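One structure is given below, encoded as structure tokens.
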Amino acid sequence: MSDIQTRGQTHGQPAAAEQPAPAMKELPPDALIIVPVRSLVMFPTMVTPVTIGRAKSVAAAQQAVRTQSQIGILMQRDANTADPDPIDLHRMGTVANIVRYVTGPDGSHHLIAQGEERFQVIEYLDGWPFLVARVRRIAESDVRTSEIEAHFVHLRGQALEALQLLPQVPRELIAAVESVESPGALADIAVAYMDLKPEEKQDILETIDAKARMEKVSRLLAHQIEVLRLSHEIGKQTKASLDERQREVLLREQMAAIQRQLGEGDEGKKVEMAELAAAIAKAGMPPEIEEQVRKELRRLERMPEAAAEYGMVRTYIDWLVELPWALPEETPIDIAEARRILDADHFGLDKIKRRIIEYLAVRKLAPKGKAPILCFVGPPGVGKTSLGQSIARAMNRKFVRVSLGGVHDEAEIRGHRRTYIGALPGNIIQGIRKAGQRNCVMMLDEIDKLGAGVQGDPNAALLEVLDPEQNDTFRDNYLAVPFDLSRVVFITTANMLDSVPGPLRDRMEIISLAGYGAQEKFEIAKRYLVRRQQEANGLEPGQVELSDDALREIIQLYTREAGVRGLEREIGKTLRNAAVRIAEGSGGPIGIEIGDLTEILGQPRFESDVRMRTSVPGVATGLAWTPVGGDILFIEATLIPGHGKLILTGQLGDVMKESAQAAFSIVKNRAVSLGIDPARFETHDVHVHVPAGATPKDGPSAGVAMFMALTSLLTDRTIRADTAMTGEISLRGLVLPVGGIKEKVVAAARAGITRVMLPARNRRDYDDIPEEVRNQLEFIWLERVDEAVAAALDLPEQLRDAAA
């Protein structure tokens, strides 16, 4: 058997006299009978029940009762040890008096013991059938300093607070804490009723110094009080929640009873169910879906209105009823009218309009055919969203826009399952319900801004939506029934395609929209932006006259963007200034000329710095592609004393660094033919920097510009200020093709460049460049880097002939 402790009532009669007393030698004066216990720590002054079962422990207890001796209670180090040796016991325990020894009806043995004082084992003695040890008794110190007194008062407050938080605490225990006078005894009482591990209690027992013991108990009590407070608060919240639910159920039952007494409840519900049944019949659902909805309706009829699920089922039926299941009558597409709408809404974009007209023509000839999904890709403000609206107008269909920017949850596309509280269908089904037509034009805006998260990948959910072979049975998680999306005209927009997964990109036909040139912006502003801003600012036609020269000045010196949003803001600011003057009583039309712009818009924000940048050797003007359109960038190179190293700065990516290294190698290889002294590479380092260092840059298209900057630096000749260049280079000196030619050339024209050097293998992109821009620029097509030197570098005549 094993020793365990109980706290219940003892049974049976005292058993000390039931066995004859064996002859046994007396204990030395400083010796104690040791009773080992498992997972029990007794403290002085505390009365504790102890159950014993081992033969040695029973013999020890009976001998102590016969001789009216005290016992020493020692806890085992390991509770699993069946027959502990002295080494298995702690060295410090509690001297206890046996108040009562009881044998239970089942033969178990119980002690009621009261602790007296601490003791420490000196050595164990042989000659007894149980453990006996010489001990050193440790009396409680009665020293009372002011610090100990402060700890004593604080600990008593903590102990009383903990007792108040514990459930069903005996009044006697609170009285004992209030009446105890000894600091050490208070610490022992407090730790005795705390729910601590036996090892923690043993540590307190072995702490002799009263001050240190109170500090340890105070720390443990502070944690215990915090746990009890939180537990008490959670219990109160739970009880309040249950009480609120019970109150709500009771009120609902009373309300139902009142409705029954008034004869309103059942009749009102019958009318509501009849209306739902009629709506289901009119919805035009497929037979299998209608059968499922009627099944849900029958569930709703049997369900009391007070049921928690009633609202969920009713909302589900409402969604299914309100969806446009029936296909509306097709309106014939008028191609001439479609062309007129596109021309009226958008200036330029001839290639884009031509492709849209082709798309509409195919839809007209094959209304039930599976048309491709169009994806408009271009920088912000070039008219991607308005093109979708124009397509809807040309097809005479409803237009709905679904913004996908920042969506990272698959449920935003497919919806949430009905098991969740507040569940709704996904954005696709919500958009169709908003449009009220199953053949609407739906624009999925900013498809490149989708992100994946722990809730799934919305890009994967869109694979089914945008696949004409699959979307006729699209299943939203909330609806849990198939819905035909094949007649929806999907159009998507993006600023860049790098973040769009390949399988999703494969389902779409990409239509690129580059930035506008200065003339295109001027025409757009004249036709659309000025009129729109006049209406937005409450101005009547003829009240304000914005001159053409002022408008061109705003385009060139106050905006530099691929689209026209910033231009529209500046026009709005200009017109608001005139609106203030009109509101103040100025009569007659107000004219705005170039000279007025500085006062209204401030100093020009942009100016052509190409000539200043390229006025020194070592500076080349490159062309770059960005997600918001093309741009120019400057490559700067300089020589510093060193040992021929190449230093690169400007937050360049790995590919751009490799382009710079390749350009440096070509220049070193052709140093003699370029008129460069090879010895300069041994005594100088070359530092190449690309300004705007806070902006990351990467890509191979700056190879030609890197080569020209290095050549200009080392030959001490400037590059023509009116020339910009782009192209990848190889170590053999070949100029390789690059992407984004249209955007780069438009940016060059916007920056005042008049000559551009492009890879010869990019001639195929020439037709994509707007005609207005083509007329402004001189194009130089490069096969090798030597042609770039001949065309752009101001070399002496004899060296130019050698380079050619």
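The values are calculated or read from the model by the stated rules, or taken from the named source; none is laboratory data. Owing to the predicted nature of the structure, the values given are computational and were not obtained by experimental measurement. Note that we place each Cβ from the backbone using ideal geometry, even for glycine, and neighbour counts take in every protein chain shown. The protein model used for the area step is the full one, side chains on, heavy atoms only, and it has no ligands, DNA or RNA in it. Shrake-Rupley method; radii C 1.70, N 1.55, O 1.52, S 1.80 Å.
Figures for the structure shown
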quantity	calculated
Per-q log10 I(q)/I(0), segment 42-115, q = 0.14 Å⁻¹ (Debye; single scatterer per alpha-carbon; no solvent)	-0.44
Bins of 10 Å from zero: percent of alpha-carbon pairs in the chain	2, 9, 12, 11, 10, 9, 9, 10, 11, 9, 5, 2, 0, 0
Percentage of interatomic Cα-Cα distances in segment 387-457 larger than 21 Å	33 percent
For the chain, share of DSSP beta bridges that run antiparallel, in % to the nearest 5	60 percent
Whole-number D in µm²/s for segment 283-345 (Stokes-Einstein; Kirkwood sum over Cα pairs; 20 °C, 1.002 mPa s)	143 µm²/s
Gained length - A307 relative to D30, 0.36 nm times residue gap less alpha-carbon distance	92.1 nm
28 Å Cα-Cα threshold exceeded, pairs from K573/K742; K398/K449; K398/K573; K368/K398; K269/K295	K573/K742; K398/K573
Set of lysines with alpha-carbon distance to K201 below 26 Å, sequence-local pairs under 8 removed	K56, K211, K216
Eligible aspartates and glutamates near K364 by straight Cα distance, threshold 12 Å, same-chain separation 8 or greater	E330, D334
Computed accessible area, E358, all protein chains, 1.4 angstrom probe, square angstrom	90 Å²
Dimensionless Rg ratio for segment 651-804, taking C-alpha atoms and the 2.2 N^0.38 Å reference	1.03
Residue-level accessible surface for E523, protein heavy atoms, 1.4 Å, Å²	40 Å²
At R0 = 30 Å, FRET efficiency that the Cβ-Cβ distance of K370 and R294 yields, to 0.05	0.40
Accessible area of segment 96-176 divided out per residue, in Å², using a probe of 1.4 angstrom	55 Å²
R144 accessible area, assembled protein chains, probe 1.4 Å, Å²	100 Å²
Rg and Dmax of segment 90-132, Cα atoms only, in Å	13.5, 38
Carbon and sulfur %, accessible surface of the chain computed with the full protein complex present, 1.4 Å	51 percent
